[in-house]
1. So how far, in whole Å, is the C-alpha centre of the range 73-87 from the one of the range 205-224?
2. If you stretched the chain out fully between residue 131 and residue 295, how much longer would it get, using 0.36 nm times the residue separation minus the C-alpha to C-alpha distance?
3. So how do 409, 335 line up by other beta-carbon neighbours within 10 Å, fewest first?
4. Provide, as a two-decimal number, the C-alpha radius of gyration of the range 115-162 over 2.2 N^0.38 Å, N being how many residues it has.
5. What full-extension length gain, to one decimal in nm, is calculated for residue 233 and residue 335 as 0.36 nm per residue of separation minus the Cα-Cα distance?
6. On full extension of the chain, what length is gained from residue 155 through residue 326, given 0.36 nm per residue of separation minus the C-alpha to C-alpha distance?
7. Between residue 71 and residue 252, what is the label-point separation in nm under the 7 Å Cα-to-beta-carbon projection?
8. So how compact is the range 350-458: Cα radius of gyration and Dmax in angstrom?
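Throughout, read-outs are computed from the coordinates displayed, never taken from laboratory work. As the structure is a prediction and not an experimental result, all values here were calculated from the model. Positions of Cβ are backbone-derived with ideal geometry, glycine not excepted, and every protein chain shown enters the neighbour counts.
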């Protein structure tokens, strides 16, 4: 019996767990629900479902009000801003980046603040608002420099260099490029880019040569080669034959060297690609095996759960059949005892206290009514008859001195196979009162919870 209950309890817990795991996310305001909602938003963003991702992010912002840190909300503002950029909603993106930048400034996250200002500069670049681009990049550079984020500072500066060059090309303003080049780290790539810009304007040929020659001193073979190619094109355009020949020779030599390096790198690249392919094949095989093992484990888990359920059902039905057989046996005993009572009534011609007790027991079972037993002596005579017919329970009751006289009467009537309705009539109470009385008696006698009072008295 205990084993069956444990199995059924396990099945109940399993069903409750399944119901909890599968409950809908909508409307959740607890921390776990917020994590789930944020995960959905990030997943939609990764799968290029921008509109759905934005919807989830805004829902998260609404539900997380007062429940998460301001830093977490700033990160979500940044994510929404990036999604707006992908959808060409530049003003909306700028608004979101401004909100995140304000929070980062408030909480002291300088690195994230610098990135937010840079993102605003990018949005203005996409809007073709040249007047609004540079101030935000400058602010981003200043914040990164104050925070000591050297790597980030270098990255923003390089991006700013590129942006300035594009602005200079767009407006034909070389001085604009020079103005902002002075504020940035001057690199060989910057010299090459500036010289290339200046070669497009005839008035800047000499200045272009100066910057290209600075780039030609670079240790980077690619920059050096491109610098001499630009110098060759420049000298050919201005008609300087001497410089054209000299720059041509230098460009050819560097181009040959670059070709050799390129060929060698190709060989290494092919070797690396071959290794990478082999590594990926091994990794794919490992993932397939892992997936197969996971599928097998899940299958075994399902089979195990099915076996547990089947075992529980089997044991439950077996116990049910056992109880039915036991009940049939007890009913047969009751019928035999009742027949014995009737036989004794017939065979006893002269009424005696014992005979009266037999007759009283018969009346109690056949026509119960309140006040049928009037004296204590009649109760004691009835106890003796019940002990004789159904088994002596004196010792069981004697072991429990806490029992009242009413409790003893209830026990003897139950031992005589009378039901709750009959007891209610005899004591002029409802069936619920009888049930409560039986529970109090069980508690006084210390009877186990899985055993009824009737079963205990019949043992």
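1. The range 73-87 and the range 205-224 have Cα centres spaced 40 Å from each other.
2. Computed gain between residue 131 and residue 295 is 53.1 nm.
3. Listed from fewest to most nearby Cβ atoms, that is 335, 409.
4. 1.06
5. The span from residue 233 to residue 335 would gain 24.5 nm if fully extended.
6. Value of the extension gain: 53.0 nm.
7. Going by the 7 Å Cα→Cβ label model, 6.2 nm.
8. Answer for the range 350-458, Rg first and Dmax second: 13.5, 46 Å.
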